[in-house]
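Bear in mind that the values in this text are calculations on the coordinates, not laboratory data. Keep in mind it's a predicted model, so treat the numbers as computed, not measured. Methodologically, a virtual Cβ is constructed for each residue, glycine included, from the backbone with ideal geometry; neighbour enumeration extends over all protein chains shown.
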Amino acid sequence: MRGMERFEALDTAAGEFAKRLRVVTAHQWSLPTPCSALDVRQLVAHVVGGNRMATILLEGGSREESLAPFQTDVLGAAPVEAFNGAFRTMVDAMKKPGALDQVVHHPMGDIPAAQLCNFRIADLGLHAWDLAQAIGVDGTLNASLVELLWEQILPMKDVIAQTGVFGTGPSGTVAEDAPLQTRLLDLTGRRP
């Protein structure tokens, strides 16, 4: 991982998401997001559920056990606190000796825990932009984070649409000299 250190990148991505989450107003929870199947509350629940899923996996949980957070209301009446708590717990699990050296049983298959950490960085960073778009605030992401995500995701360019994770993938209409964040968003199926 060049540029940013792994936990710095994780903190930066979480900070980007939290910055937008803190300003969500009561009437914005049901607004649509760029993730067409999710409104704002569902998007935040997806992110919190992802953090909880990562903790379960890092603690030796099975694929089936890791899906439990997506079957319950992980936000309750205090979404910001739910996000902060789930993130802190996940980071604590990642920082345990050897935690990122293990293989975890992710729903998509067995993967290195370090890759799981990379997934969380991408999920937090990209969904920060989605949340910003949904609630109408500035979506400009940290430039170093954007660069890191670009380096992580670009190798998947030719198959990204087939993963089902990033919508239809790149549009093919964004110029190579467009700002890096614009290219990253387009690569991940978003249309800035």
Based on what the data block shows, is Pro112 touching a strand residue (DSSP E or B) at 6+ places or on another chain (Cβ under 8 Å) and free of Cβ contacts under 8 Å to residues at least 60 places away in the same chain?
-> yes
Could you look through the range 1-47, keep only residues that are farther than 14 Å from Val80 by Cβ, assigned to a helix (DSSP H, G or I) and among the polar types (S, T, N, Q), and pick out the one that is nearest to the chain's Cα centre (by Cα)?
-> Thr12
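Quick grid of which residues meet (1) more than 11 Å from the chain's Cα centre (by Cα); (2) acidic (Asp, Glu); (3) within 20 Å of Gly50 (Cα to Cα):
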| position | (1), (2), (3) |
| --- | --- |
| Ala93 | yes, no, yes |
| Leu100 | yes, no, yes |
| Asp110 | yes, yes, yes |
| Ala113 | yes, no, yes |
| Ile121 | no, no, yes |
| Leu124 | no, no, yes |
Log entry, pairs with first residue in the range 7-26 being more than 21 Å from Leu149 (Cα to Cα), second being assigned to a helix (DSSP H, G or I) and hydrophobic (A, V, I, L, M, F, W, C), beta carbons closer than 8 Å, six or more apart or on different chains, reads Arg22/Val80; Val23/Ile135; Val24/Val40; Val24/Val44; Val24/Leu131; Val24/Ile135; Thr25/Ile135
List pairs: first in the range 32-46 and more than 14 Å from Asp123 (Cβ to Cβ), second of a type in the set (A, V, I, L, M) and assigned to a helix (DSSP H, G or I), Cβ under 6 Å, 6+ apart or cross-chain?
-> Val40/Ala134
The lone condition Lys19 fails out of (1) of a type in the set (Lys, Arg); (2) loosely packed, with under 14 Cβ neighbours inside 10 Å; (3) closer than 29 Å to Asp186 by Cα is (2)
Kindly indicate which of Gly125, Gly139 is of a type in the set (Gly, Ala, Ser) and assigned to a loop (DSSP other than H, G, I, E, B).
-> Gly139
Can you find a residue in the range 169-181 that is without any contact (Cβ under 8 Å) to a residue 12 or more places away in the chain and either of a type in the set (Val, Ile, Thr) or surrounded by 15 or more Cβ atoms within 10 Å (Cβ to Cβ) (or both)?
-> no
Boolean, Leu148 is assigned to a helix (DSSP H, G or I) and of a type in the set (A, V, I, L, M, F, W, C) | yes
For Ala9, are the conditions met, namely being aliphatic (A, V, I, L, M) and within 23 Å of Ala143 (Cα to Cα)?
-> yes
May I ask you to list the residues in the range 151-168 that are assigned to a helix (DSSP H, G or I), touching a residue at least 12 places away in the same chain (Cβ under 8 Å) and either among the β-branched types (Val, Ile, Thr) or within 20 Å of Cys35 (Cβ to Cβ) (or both)?
-> Gln152, Ile153, Ile160, Ala161
